[in-house]
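First up is the structure itself, then whatever we jot down about it.
The values are calculated or read from the model by the stated rules, or taken from the named source; none is laboratory data. These numbers come from a predicted model, not from an experiment. Neighbour counts are summed over all protein chains in view; Cβ atoms, including those assigned to glycine, are modelled from backbone coordinates with ideal geometry.
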Amino acid sequence: MDEQTARREIVAVGKLLYERSYVVSSDGNVSVRLDDDRIVATPTMTCKGRMTEDSLAVTDIEGKPLSDRRASSELDMHLLIYRERPDVKAVCHAHPPHGTAFAVAGLAIDQPILSEVILTLGCVPLAGYGTPSTAELANAMQPLIKHHNALLMANHGAVAYGSDLWQAFDRLETLEHTAKIAILSRALGGSRNLPPDAIEKLINVREKAGYLDEGARCQACGYLHETRMTCPTGDRPAASSHEHHSANGSNKISLTRDELVELLSQAVSGRE
Ligand SMILES: [Zn+2]
C-alpha cells in the first residue's frame with residue numbers, strides 16, 4: 001500500500017475508534033505495514049480522534065524510527081503480530097468497553113452465540129496479563145496470534161488484525177459488538193449456544209467462502225472443541241505448525257514436489 005493512502009486510512013480509523021468510545025485520551029494504537037520493512041503507526045501520547053496525516057510515525061520492521069515522530073510505546077505488540085503473521089498488513093489496538101470488560105473479568109469471547117461471528121472472526125482468546133510494552137505481554141500473546149484474528153489482553157484491552165486496516169477495524173468492531181451482545185443476553189437470563197453440528201456447517205461455509213482458512217481451526221479456546229473439527233493439538237497452538245494440523249486434523253497430506261514425483265513414478269512403474 002502507498003504511504004499516503006495508509007496515512008489517510010489511519011486518521012479515518014483513529015476518528016472512528018474515538019467516536020465509538022473504543023479509546024479515550026491517548027489510548028490505543030494503529031499501524032499499517034507498507035512493505036517488508038516499513039510501518040506507519042500512530043504517534044505516542046496523541047488522542048486518536050485528533051490525529052493529522054502528518055502526525056504519524058514511520059519505523060522499520062524492528063521499530064527503529066524512520067521519521068522524526070515517535071511511534072506508540074505499544075508498537076512492539078504490532079511488530080510481534082507482523083512477524084507471526086506474514087498475511088497481516090494492519091493492526092488495531094483499543095480498549096473497547098464491552099470487550100475490555102471480558103478481559104477484566106478474565107473471560108475469553110469464545111461462546112458460539114452468533115453465526116456471523118463464527119463465519120468472520122472465530123473465537124477470541126484471552127492472553128494472560130503482561131505489562132504493556134514489555135516482553136511479558138509479548139510472551140502471553142505470542143502462542144495465540146497464529147490461529148486467531150483478534151485477542152483480548154487481560155486487564156488491558158483488545159487487538160485485532162487483518163489483511164488491510166479496514167479488515168482489522170471491522171474485526172475489532174465485531175469483537176466489541178459480540179461482547180456487548182453476550183453481556184446483554186446474560187442480563188436477559190443467559191445465552192443459548194449454537195449446537196456442534198451448526199458450528200461445523202458454519203466452519204465449512206467460512207472456509208469455502210475464504211473468510212477464514214483452516215489455520216483458524218487450531219484455536220486455543222472455545223467452541224471448536226465441541227465439534228469434530230478441532231485439530232488434535234488445538235489446545236497448544238504454538239507447539240506445532242499449521243501443516244502438522246492439516247496432516248492430522250483433516251485427512252490432508254502435504255508433499256514436496258520431489259516427493260510427489262517420486263510417488264507418481266512409483267505408481268507408474270508399479271503398474272507396468
Ligand atoms: Zn493499550
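Numerical summary
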{"item": "Per-region count, region 142-158, residues more than 12 Å from the ligand (Cβ to nearest atom) and touching a residue at least 60 places away in the same chain (Cβ under 8 Å)", "result": "8"}
{"item": "Verdict on D68 being outside any helix (DSSP H, G or I) and at pLDDT below 95", "result": "yes"}
{"item": "Residue that is surrounded by the most Cβ atoms within 10 Å (Cβ to Cβ), among those in region 165-219 that are closer than 23 Å to I81 by Cα and out of contact with any helix residue (DSSP H, G or I) (no Cβ under 9 Å at 6 or more places or on another chain)", "result": "Q167"}
{"item": "Residue within region 43-65 that is more than 16 Å from the ligand (Cβ to nearest atom), closer than 22 Å to A150 by Cβ and buried (at least 19 other Cβ atoms within 10 Å of the Cβ) present", "result": "no"}
{"item": "Criterion: closer than 26 Å to T174 by Cα, of a type in the set (V, I, T) and within 18 Å of the chain's Cα centre (by Cα) - qualifying residue of V88, V40", "result": "V88"}
{"item": "Filter result for P96 (more than 24 Å from C123 (Cβ to Cβ) and in contact with a strand residue (DSSP E or B) (Cβ under 8 Å, 6 or more places away or on another chain))", "result": "no"}
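Residues are listed down the side, and each one gets a yes or a no for (1) more than 15 Å from N29 (Cβ to Cβ); (2) modelled with pLDDT of 95 or more:
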site	(1), (2)
A103	yes, yes
L137	no, no
H147	yes, no
H156	no, yes
